[in-house]
Amino acid sequence: MHTPVRSPVLSYALLAAALFYGPAGAQAPGQPVAATAPVESEVVSHPWVVPAPSRQPDAYFTNLKDGMTVESPFVARFGLSMRGLVPASKTAGRAGHHHLLVNQPLPLDFKKPLPFTDQYIHFGKGQMEHVLDLKPGTYTLNLLLADQGHIPYFVYSKPVKVTVTRQNKVAAPDLLGPKRIEVLSPADGETLRAPFRVQFHASGYNVSHVAPAVPGTGHFRLTLERAGQRPEVLDFRQGQTEVWLQPPKGEYQLKLDLMDNAGDGLLMAAGKPVRIAVGAAFTAP
């Protein structure tokens, strides 16, 4: 499989963007913190937010692992690091929308739009998951982020091979369950060392950067609550679906909301709260 090579100039630019943050701590406690850094960095400016360890954006599957054996149909869930989502035909910074490649390598030319076929599945509404109904066999899956015109960014996943052992008769709605948003990780009751990643997911909802104000889309808002302190509210207005955090030691409740991007920004959905304990941060040897 051909893997596009990131040029040193591009890698340096992405690294510089990831490390650049606006002034932290200028917001009043308990107030939503918007992404005040330049759109290229696509991070929320907050003292507890830290860069992703990868230092450059990538897409990934949140529920599929290389070498997995599954029965069909099955759900593929999409994650995205250091970028945000925005529907097709809309422009907002360097946000984009997911594409799922089935038994197709990454394109040789990243300047051409992706085709519309059964092997190049587009998620131009800002979706974060898809039901795949494949016949028994072994498949290679790739995720690729692209812009408003379906021209790919250098933001993609590692290839994942899955083996389908059986094809069942299950309707997609029955497999997906009710519409909801949730914190995929960390798990409820987990004890963590900082920094750690918080992953968001929307099932049945579309996620987008706020700027285009696309009806029917929302953006995530995460509230961290701890006893005796004002809540910390992080507003992911650039369509981000994860964050890396390094908060002080203590016990927290994480509350995830999906806020409407159109109109007056009403609450679209609320996730089940997750309680975690944060211990000492890792220190350099």
> Considering amide H positions built from the backbone, and no H for Pro or chain starts, which residues 5 or more places from Gln167, or on another chain, come under 5 Å of its amide H?
Replying inline: Ser72
> With every protein chain left in place, what is the accessible area per residue of the range 217-285 in square angstrom, probe 1.4 Å?
Replying inline: 48 Å²
> In the range 65-144, which trypsin sites (Lys or Arg not before Pro) fall in coil by DSSP and have 15 or fewer other Cβ atoms within 10 Å?
Replying inline: Lys65, Lys111
> Which cross-chain or sequence-distant (5 or more) residues have an amide H under 5 Å from the amide H of Ala269, H modelled 1.01 Å from N in plane?
Replying inline: Leu258
>> I need the phi-derived Karplus couplings for the range 116-121: 6.51 cos²θ - 1.76 cosθ + 1.60, θ = phi - 60°, integer Hz, Gly and Pro marked x.
In response: 9, 9, 5, 9, 10, 9
> Taking H as built 1.01 Å from N, whose amide H comes closer than 5 Å to the amide H of Gly79, not counting residues under 5 places away?
Replying inline: Tyr60, Phe61, Thr62
> Seen from all sides and averaged, what is the projected area of the convex hull of the Cα atoms in the range 58-176, in nm²?
Replying inline: 7.0 nm²
> So which of Lys90/Lys158; Lys111/Lys255; Lys90/Lys169; Lys90/Lys249 end up more than 32 Å apart by C-alpha?
Replying inline: Lys111/Lys255; Lys90/Lys169; Lys90/Lys249
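The values are calculated or read from the model by the stated rules, or taken from the named source; none is laboratory data. Just so it is clear, the structure is predicted and the values come from calculations on it, not from any experiment. Positions of Cβ are backbone-derived with ideal geometry, glycine not excepted, and every protein chain shown enters the neighbour counts. Surface areas here come from the heavy atoms of the whole protein model, side chains and all, with no ligands, DNA or RNA. Shrake-Rupley method; radii C 1.70, N 1.55, O 1.52, S 1.80 Å.
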